[in-house]
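Can you keep this structure in mind? I'll have questions shortly.
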Amino acid sequence: MNANNTHATPHTHTVYYDGDCPLCSSEMAFLMRANRDGLLRFVNIAQPGFDAAALGVTREALMALLHVRDRSGRWLIGVPAVQAVYAATGHARLAAALDHPVLARLARPAYAWLARNRYRLPRWLLAATHLHTGHCAPDGACRTR
């Protein structure tokens, strides 16, 4: 198969996420279930053997904020990455709302704070995020509890 053949796989974006983070894993499980059209491919960067350098980025950068790479190789980082994954999973209104001037001004610092503090969040907040969690494989195949 030709590596440049964009029609070989349906995904348009690759999502690089911290699978050791309970909040991140919960959100990715939700997105994997919503990925009905297969537009997203998920990569758990916490897996042993993951090589960030092969992508031209550092592991620290990938761990700091959500990174999404589109089919052309362009990186979306932080809030733009969140917008891309929500738009690709049928939540285009939510993604577009983050472009509203007031929300955009709040979303970027709020997301940066959440990303920095994701391992220090209280258990009750993490438990609330697990309400929509099912079991999903890295390829996006999911089953509910």
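Taken together, the values in this text are just the output of simple stated rules run on the coordinates, not laboratory data. Every value quoted in this text rests on a predicted model; they were computed, and no experiment measured them. Cβ: placed from backbone, ideal geometry, glycine included. Neighbour counts: every protein chain shown.
Obtain the nm distance between the two label points defined at residue 14 and residue 110 by a simple spin-label model: each point lies 7 Å from its Cα along the Cα-to-C-beta direction.
3.1
Residue separation times 0.36 nm, minus the C-alpha to C-alpha distance between residue 103 and residue 70: what's the value? Intermediate values should be presented prior to the final figure.
Numbers: separation 33, 0.36 × 33 = 11.88 nm, distance 2.41 nm.
My answer for the length gained is 9.5 nm.
Also: HN-Hα J couplings of the range 18-27 from phi, Karplus 6.51/-1.76/1.60, θ = phi - 60°, integer Hz, Gly and Pro as x?
Listing the rounded values in order: 8, x, 7, 8, x, 5, 4, 4, 5, 5 Hz.
Among 96, 65, 23, whose Cα sits farthest toward the positive end of the charge dipole of the range 13-133 (+1 at Cβ of Lys/Arg, -1 at Cβ of Asp/Glu, about the Cα centre)?
It is 96.
Which order do the peptides 67-77, 47-57 take when ranked by the mean count of other beta-carbon atoms within 10 Å per residue, highest first? Working shown, then result.
Details: 67-77: 15.0, 47-57: 10.5.
In descending order of packing, they fall as 67-77, 47-57.
Still on this structure, I have one more. Please rank 41, 93, fewest neighbouring Cβ atoms within 10 Å first, as an exposure proxy. Walk me through the intermediate numbers first.
Working: 41 19, 93 9.
Fewest-to-most Cβ neighbours within 10 Å comes out as 93, 41.
Follow-up question, since we're still on this one. Provide the packing ranking of 19-30, 108-119, i.e. peptides ordered by the mean count of other C-beta atoms within 10 Å per residue, highest first. Display every interim value, and only then the final one.
On the way: 19-30: 18.7, 108-119: 12.7.
Per-residue Cβ counts within 10 Å, averaged per peptide and sorted highest first, yield 19-30, 108-119.
Label points 7 Å out from Cα along the Cβ direction at residue 96 and residue 117: separation in nm?
Inter-label distance under the simple model: 3.2 nm.
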